[in-house]
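Everything below concerns the one structure shown next.
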């Protein structure tokens, strides 16, 4: 089963923040160093991409609406269009998907979910 994991061991779904390292499948995000790895590959992300991925990692397998993502990843005074979420999800997918099976899935009409691809 896919759980968020920290350096100190397996944790509950959303409380894998201990020591600032979040894991899901072969994806590792280090909050202290702002480094992301997928398998053995280093993944370079912009600050917004990093924050978006962090939000997904804190909410594995949960379907997140575009509004939830906007509220948690962008500043309260963000005045841009909600479609910015789609744009940044596509940026993340372009960087992560070539390195392994897709992890960010579209849930039609609802939003997005971080989960492993079912075989």
Arranged from highest to lowest average of other beta-carbon atoms within 10 Å per residue, in what order do the peptides 97-105, 20-28 appear?
-> 20-28, 97-105
List the relative contact order of region 5-114 as a percent without decimals, with contacts defined as Cα pairs under 8 Å and 6+ residues apart.
-> 23
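Enter the mean projected area of the convex hull around the alpha-carbon atoms of region 5-114, in nm², rounded to one decimal.
Working: hull surface 27.2 nm².
Result: 6.8 nm².
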Region 61-83 to region 101-116: how many Å between their Cα centroids?
-> 15
Å³ per residue of the Cα convex hull, for region 42-85?
-> 80
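Computed from the coordinates by the stated procedures, all read-outs in this text should not be read as laboratory data. These numbers come from a predicted model, not from an experiment. As a convention, Cβ positions derive from the backbone with ideal geometry for all residues, glycine included, and neighbour counts pool all protein chains shown.
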